[in-house]
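Below is one structure, written out as structure tokens; comments come after it.
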Amino acid sequence: MEIKDFNYLSFSNNYEKSQYFNNLIIQKSGEYRLHYFSDTEGFFRIDKIKFPINSGAFFITHPGDHFSINPVRSKSSLGYFIIKLTPKENEDKLKDFLDQQLSQKSFQLNPNQRILLEEVLGKLNSESNFQRESARHLLISLIYDLPDYENKTHISQGHHKYIEKAVKYMHERMYKELSLSELCKHLCISEPHCIRLFKIRMGTTPMKYFTSIKIEEAISQLLSTNKPLSLIAEELNFSSPAHFSKTFKHFMSISPTQYRNNYINTLEYRQQVTIKEKEHAYDLLQTVIDAIPDLVFIKDTNGIMISGNKAICKVLGLTKDEIVGKSDYEMFPKEEADFFKIRDAIIFKHNRAYKNEEEMTYPDGRKRYFEVHKAPFHDDEGEILGLVGISRDITERIQERKKIEEARKQQKHISEHQADAMIHLSGQLSNLLDSTDFTNSCVEQDSFHATRIQLLLEGLNSYIQGLFKSTSPDKKGIDPELLFIRFENLIRESMAHQNITSEFTISGDIPDIAFTEDQRLIRALYFLIKTLTFDIDTGNIKIDHRCKEKMLLTTIALSSADLPKRKYIKIDKLIKREEGIPFIEEDQDPIELSMANIELETLSSSLQIITYSDETLVIRIKTPFPYGIEYLNQFYSPKNDVQTNY
């Protein structure tokens, strides 16, 4: 067995502990590691198994194991022995013993074994080849003793409490003097009884064990501080630096100065410096990754989660410790996990990065879509260790894409209706031009029929232009009074031919400048009223205009003794035009019905039936202003100097 590395690491504050630990390590092929914790609490994870750490905890990790050390933050210092070893080719028996008897187990060593580890460390630092060979045999002996260790050190629970109390008191008195009589007085037992308990439980006398605690603290200060030996000796209450050096060499087989120099000058020290620099860079990278809103995750070749950032932890509702060691099948529905496994296998097979879109189900049942980039990562020899993935939520993008596709389909549907509408309107307009009424009106110079034809042609022209270019309203405003006077004259003239009376009311809250001078509003309302009064000989129509929330509300109430239900049906079709433009193709319908639909569509107007009966039909048209009131008031002052809010 070759001991590749043996080090004792000591950390006196939480920052140093957090910098070194809390990282997942993948053990190299052919390498075994022994881990001994002299003074700390926390957890040691091997793959999916989590073991508690306390003082004296001992673990062995095997080739390919994923392990991490998670110490609990406390004020106490942390002591950690780590030994890296590799069995030789002719040591199959030792290798089988390690694999079969000591795999994924936890052992509890007593301080006697801790002293043995310190002795091994001291012999390995010796210049003598015989001492180093002796260290190797001591370590092999410890390994073979591990399965039976607890049975060999069993003592009663009552005696165990004395030992625990004594060790705690020794740590409290580490920087002060402590005599055997003082210790026994604190424990309320006799000196012979105390010595006997320590020899049974610890394998040494109380005072030697107390000295070993001081030497352990001295090692920690030698490696973690630049304090001179004289100061360390004084703080630990040795009688002199010479006494300290002699005692240290007795325990460690090497002087304090040599111990510090050997550690500093060894390759391992330089490696530790490099490791700390890498860990600092890793911590910085982890901070950046945690700040990314995208989901970042790392998996091994078996699909087991190695790490992840805060975003993926939040999505899964788990902590970082909880996602480590889990597979996709433990975090997602089986169908999704099967899909992830297939995609990961493609990456490992072709050893290249891939991008695809995946659907993920959150723990609360919500489904989201992600654009996923995955790439393999490798060891120094080029072997694939796993994959790293970044998932970006594109649910909104997918939904927007679907909306665009639906809009294209709808636009195609509307275009087909537009073509049909043009054919129908052209036919109706031709029939109207060829009719006897139109011929007579032209002969008699009937101004009403001429106005009707003019409005129809203007509406048709506006509609055809809208098919080929986007129309924008003229920015020249018009006084609504002038607009509605023009509208009233047109309606009164039209209704006079049908013996229908008309009434008009305009609310005082209409803004001074609200409409454009392209007369679309006049045409829309005119075509709508012509549709309502078509085939009605007598009756009354009331038209009311008012303003509310930057909308023009026009209420049209038609009263007639011979009001057919067919009027309600036609208006209902206009209301439902968002389902597709319903151009009317029946001969008994006026051409104004199609034109009303077109003009109301371009004005973004909406219709609502308020009342319907055998003699009354009331509808309301909501039309938004082309410009906001704030914009208009930059150019025009209100009438009567009254400010109105809309």
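Only a single item in (1) over 16 Å from Lys299 (Cβ atoms); (2) in contact (Cβ under 8 Å) with a residue 40 or more places away in the chain is not met by Gly365, and it is number (2). Comparison of Asn645, Asn640 shows that the only residue that is in a loop (DSSP other than H, G, I, E, B) and modelled with pLDDT under 70 is Asn645. Note on segment 106-127: residues that are out of contact with any strand residue (DSSP E or B) (no Cβ under 6 Å at 6 or more places or on another chain) and either among the small types (Gly, Ala, Ser) or outside any loop (DSSP other than H, G, I, E, B) (or both) amount to 13.
For segment 247-259, indicate whether the set of residues that are over 16 Å from Glu119 (Cβ atoms), of a type in the set (A, V, I, L, M, F, W, C) and not in a loop (DSSP other than H, G, I, E, B) is non-empty. No, the conditions are met nowhere in segment 247-259. Residue count for segment 288-304, restricted to those that are more than 15 Å from the chain's Cα centre (by Cα) and open to solvent by 40 Å² or more (accessible area, probe 1.4 Å): 3. Does Glu586 satisfy the criteria of being closer than 26 Å to Glu615 by Cβ, modelled with pLDDT under 85 and surrounded by fewer than 15 Cβ atoms within 10 Å (Cβ to Cβ)? In short, yes. Does segment 204-216 include one or more residues that are closer than 21 Å to Leu187 by Cβ and not in a helix (DSSP H, G or I)? For segment 204-216, residues closer than 21 Å to Leu187 by Cβ and not in a helix (DSSP H, G or I): present. Residue-level check: of (1) closer than 27 Å to Ser230 by Cβ; (2) open to solvent by less than 70 Å² (accessible area, probe 1.4 Å); (3) at pLDDT 75 or above, His250 misses just (2). Only a single criterion out of (1) modelled with pLDDT of 75 or more; (2) open to solvent by 20 Å² or more (accessible area, probe 1.4 Å) is not satisfied by Ile543, namely (2). State all residues of segment 308-348 that are β-branched (Val, Ile, Thr) and either surrounded by 14 or more Cβ atoms within 10 Å (Cβ to Cβ) or under 19 Å from the mean Cα position of the chain (by Cα) (or both); if no residue qualifies, say none. Hits for segment 308-348 are Ile312, Val315, Thr319, Ile323, Val324, Ile347.
Kindly indicate which of Asn351, Asn356 is over 24 Å from Ile25 (Cα atoms), loosely packed, with under 13 Cβ neighbours inside 10 Å and in contact with a strand residue (DSSP E or B) (Cβ under 8 Å, 6 or more places away or on another chain). Before you say what the answer is, go through the steps one by one.
Working: Asn351 fails: over 24 Å from Ile25 (Cα atoms).
Matching residue, one of Asn351, Asn356: Asn356.
Do any residues in segment 580-609 that are over 19 Å from Arg520 (Cα atoms) have Cβ atoms under 8 Å from those of residues that are modelled with pLDDT under 75 and among the small types (Gly, Ala, Ser), where the two are at least six apart or on different chains, and which pairs are they? Going by the 8 Å Cβ cut-off, the qualifying pairs are Ile584/Ser594. Considering every residue within segment 223-244, establish whether at least one is open to solvent by less than 40 Å² (accessible area, probe 1.4 Å) and acidic (Asp, Glu). Scanning segment 223-244, I find no residue that is open to solvent by less than 40 Å² (accessible area, probe 1.4 Å) and acidic (Asp, Glu), so the answer is no. Selection within segment 128-159: residues that are assigned to a loop (DSSP other than H, G, I, E, B) and modelled with pLDDT under 80. The member of this set that is most open to solvent (accessible area, probe 1.4 Å) is His154. Please work out if Phe370 is under 14 Å from the mean Cα position of the chain (by Cα) and hydrophobic (A, V, I, L, M, F, W, C). Yes. Look at (1) touching a residue at least 24 places away in the same chain (Cβ under 8 Å); (2) surrounded by fewer than 20 Cβ atoms within 10 Å (Cβ to Cβ) and you find that Phe210 fails only one, number (2).
Per-residue answers, yes or no, for (1) in contact with a helix residue (DSSP H, G or I) (Cβ under 6 Å, 6 or more places away or on another chain); (2) open to solvent by 40 Å² or more (accessible area, probe 1.4 Å); (3) not in a strand (DSSP E or B):
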site: Arg33; (1), (2), (3): no, no, no
site: Asp39; (1), (2), (3): no, yes, yes
site: Phe43; (1), (2), (3): no, yes, no
site: Phe51; (1), (2), (3): no, no, no
site: Ser55; (1), (2), (3): no, yes, yes
site: Phe58; (1), (2), (3): no, no, no
site: Pro63; (1), (2), (3): no, yes, yes
site: Phe67; (1), (2), (3): no, no, no
site: Asn70; (1), (2), (3): no, no, no
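Within segment 271-311, the set of residues being of a type in the set (Ser, Thr, Tyr) and not in a helix (DSSP H, G or I) comprises Thr301, Ser307.
The values are calculated or read from the model by the stated rules, or taken from the named source; none is laboratory data. Here the structure is a predicted model, which means the values were calculated and not measured. Don't worry about glycine lacking a Cβ; one is built from the backbone with ideal geometry, like all the others, and counts go over all protein chains shown. SASA here: full protein model, heavy atoms, side chains in, ligands and nucleic acids out. Shrake-Rupley method; radii C 1.70, N 1.55, O 1.52, S 1.80 Å.
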